[in-house]
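Q: This is the structure, below, for whatever I ask next.
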Amino acid sequence: MAERVLLRPFAEGDAPVFAAYRSDPDVARYQGWDAPFSLAQAEEFVREVAALDVDEPGWFQFAVEVGGELVGDVGVNLHPNRMQAEIGYTLAPAHQGRGYATEAVRRVLEHLFDERGLYRVGAECDARNERSARLLTRLGFRQEGHRVRSTWIKGEWTDDLLFGLLAEEWRERMI
């Protein structure tokens, strides 16, 4: 199967599209930012993330491109021990439901487990975000926890689902 998704660093020209999909209330609903997400915020974000090193601990954001168009992003938070990471992802609404997020996250997992040799990758999502939870499950993550009303965000308490995937589990799925 040909790969449709390109993962790459963010570039200066990505800011308008990035601001547009982060401004969508449905996209921002389960995320830590508020809509609208201004062009100035997007330009600052792109500048900051472009200066980061994917090999260093902390957050790094991959741009997700399909057919030459920015369609979303996948974030990786590499732990200081460099053996584990947390991931998060966002896809523009016009590009959801086509398997792009699954493909992009799978490619990031291949990078983390197969190329970088990480031991564990975790993720968490708002319990109401059923599509995100299904994506993680589809890729082999197991739900490890459900924290009830543990996050105060956007004026309400929300539940968090916690997911984890070990390298050995990833490799077993890839056989």
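The values are calculated or read from the model by the stated rules, or taken from the named source; none is laboratory data. For clarity, every value in this text was computed on a predicted model and none was experimentally measured. As a convention, Cβ positions derive from the backbone with ideal geometry for all residues, glycine included, and neighbour counts pool all protein chains shown. Please note that ligands, DNA and RNA were not included when accessible areas were found on the heavy atoms of the full protein model with its side chains. Shrake-Rupley method; radii C 1.70, N 1.55, O 1.52, S 1.80 Å.
Q: Name the residues in segment 9-34 that are modelled with pLDDT of 90 or more, farther than 12 Å from GLY72 by Cβ and open to solvent by less than 60 Å² (accessible area, probe 1.4 Å), would you?
A: Result: ALA11, ALA15, ALA19, SER23.
Q: Just a yes or no: is a residue in segment 48-59 of a type in the set (Val, Ile, Thr), touching a Phe, Trp or Tyr at 6+ places or on another chain (Cβ under 7 Å), at pLDDT 95 or above and open to solvent by less than 30 Å² (accessible area, probe 1.4 Å)? Quick ask: steps written out before the conclusion?
A: Residues of segment 48-59 that are of a type in the set (Val, Ile, Thr), as a first pass: 49, 54.
From what's left, touching a Phe, Trp or Tyr at 6+ places or on another chain (Cβ under 7 Å): 49, 54.
Cutting the leftovers down to at pLDDT 95 or above gives us none.
No - not one qualifying residue is present in segment 48-59.
Q: Within segment 142-163, does at least one residue satisfy the condition of being in contact with a Phe, Trp or Tyr (Cβ under 8 Å, 6 or more places away or on another chain) and in a helix (DSSP H, G or I)?
A: Checked against the condition, which is being in contact with a Phe, Trp or Tyr (Cβ under 8 Å, 6 or more places away or on another chain) and in a helix (DSSP H, G or I), segment 142-163 yields no hits at all.
Q: Inspect segment 128-139 for any residue being over 18 Å from the mean Cα position of the chain (by Cα) and either part of a helix (DSSP H, G or I) or modelled with pLDDT of 95 or more (or both) and give the result as yes or no.
A: Quick first cut of segment 128-139, residues over 18 Å from the mean Cα position of the chain (by Cα) only: none.
No, segment 128-139 contains no residue that is over 18 Å from the mean Cα position of the chain (by Cα) and either part of a helix (DSSP H, G or I) or modelled with pLDDT of 95 or more (or both).
Q: If you don't mind, there's one more thing I want to ask. Hey, can you tell me all the residues within segment 135-170 that are touching a residue at least 60 places away in the same chain (Cβ under 8 Å) and open to solvent by 80 Å² or more (accessible area, probe 1.4 Å)?
A: Once the filter is applied, which keeps residues that are touching a residue at least 60 places away in the same chain (Cβ under 8 Å) and open to solvent by 80 Å² or more (accessible area, probe 1.4 Å), segment 135-170 yields only LYS154.
Q: Kindly establish whether GLU56 is within 26 Å of GLY164 (Cβ to Cβ) and among the acidic types (Asp, Glu). Explain how you work it out, then say what you get.
A: Working: within 26 Å of GLY164 (Cβ to Cβ): yes; among the acidic types (Asp, Glu): yes.
Yes; evaluated as a whole, the condition is true for this residue.
Q: Checking the structure you have, find out if any residue of segment 117-126 is at positive phi, in contact (Cβ under 8 Å) with a residue 12 or more places away in the chain, surrounded by fewer than 17 Cβ atoms within 10 Å (Cβ to Cβ) and not aliphatic (A, V, I, L, M). Give the steps one after another, and end with the answer.
A: Restricting attention to segment 117-126, the residues satisfying the condition of being at positive phi are 117.
Right, trim to in contact (Cβ under 8 Å) with a residue 12 or more places away in the chain and you get 117.
Adding the requirement that they be surrounded by fewer than 17 Cβ atoms within 10 Å (Cβ to Cβ) leaves 117.
Next, only the ones that are not aliphatic (A, V, I, L, M) stay: 117.
Within segment 117-126, one or more residues are at positive phi, in contact (Cβ under 8 Å) with a residue 12 or more places away in the chain, surrounded by fewer than 17 Cβ atoms within 10 Å (Cβ to Cβ) and not aliphatic (A, V, I, L, M).
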